[in-house]
C-alpha cells in the first residue's frame, strides 16, 4: 500500500492509536517475564504499529521500516538469541544458562537480564518478519 | 487412474481408522493421572521458582527448561519469513517481467 488512503478522520484516529500500540508492545516485552506476554506477542504488537502507520501514511510513514531493513533486523534478532546462549557458554555455564554473568547482581536479576536479552531477540525477529512479509505483499515494482 | 483413486481411498480409510483408534485411547481432558500431567509438569510447578528465579513459571518453561525449543521457534519464524519474502519478490518480479514482455510484443506487432 504505497499511497495513503482514508480521510482526515482515519488519519487522525490512527495517529492517536499508533503510539499507544507501540507503548503497549514495549510494555508486553519488558513485563513479559512476570505476566502474560513475551517476545512473540510484543513483536506482533510492534509490527502492527508499523504496518498501521504504513497503511495510513503510505510510503513516507514516520515509523517506516523498509523491507530490506526488516530482513536484516530479523536476522539480527535471531542472532541475538543465539548470541546470549554463546555468551553464557563463554562465561563458563551451559548454553542459555542465564544466572552466571560476571556482574555483581542477584542471581534472579542476572536471570531476568538474560531472559530480557532473548525476548528482545524474539521480538526483533517476529516484528521484522511481519513487516518484511507486509512489504513484500504490498511492493509494487520489482527491485 | 481408477486404480489410483481406489488406492487413495483405501489409504484414506486406513488413516481414518488409525485416527479413530488413537482418539479412543487418548486420556481424558484435565485428567491429573494422564501421562502428560505426571511426567515433568509436577516438577515445573513445584520447583520452577526456586530453580529459575522467575516469578512466572510459564516464562520459566518457555525461556529456561525449553530454551532450545524457543530458539528453534525463532529460527523457524525467521526462515519462513525469509522464504516467503523471497517467493513473493521472485513471483512479482517475473510477473512484471512477463507483462513487460507482452507489452514489448504488442509494440512489435
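Derivation of every value follows stated rules applied to the coordinates shown; laboratory data play no part. Just so it is clear, the model here is predicted, and its values are computed rather than measured. We place every Cβ from the backbone using ideal geometry, glycine too, and count neighbours over all the protein chains shown.
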Measuring from the longest principal axis of the C-alpha atoms of chain A, the long axis of helix A:39-57 (C-alpha) lies at a number of degrees, nearest 10, equal to 20 degrees
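What ranking of B:13, B:71, A:55 emerges when the number of other C-beta atoms within 10 Å of each C-beta is taken as an exposure proxy, fewest first? If you can, show how the numbers build up before the last one.
Working: B:13 10, B:71 21, A:55 17.
Fewest to most other Cβ atoms nearby, the residues stand as B:13, A:55, B:71.
Tell me, A:140, A:110, B:2 in order of fewest to most beta-carbon neighbours within 10 Å?
On the way: A:140 10, A:110 19, B:2 6.
Ascending Cβ contact count within 10 Å gives the list B:2, A:140, A:110.
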Quick note on B:19, A:105, A:22, A:127, ordering by fewest other C-beta atoms within 10 Å, gives B:19, A:105, A:22, A:127
Helix A:107-138: inclination vs chain A longest Cα principal axis, degrees, rounded to 10, gives 30 degrees
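Compute for the range A:8-138: radius of gyration divided by Kirkwood radius, i.e. Rg/Rh, restricted to C-alpha atoms, rounded to two decimals. Numbers along the way, then the final one.
Details: Rg = 17.0 Å, Rh = 15.8 Å.
Result for the range A:8-138 is an Rg/Rh of 1.08.
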Normalised Cα Rg of the protein assembly as shown, dividing by 2.2 N^0.38 Å with N its residue count, works out at 1.36
Diffusion coefficient in µm²/s returned for the range A:1-69 by Stokes-Einstein, Kirkwood Rh over C-alpha pairs, 20 °C and 1.002 mPa s, is 169 µm²/s
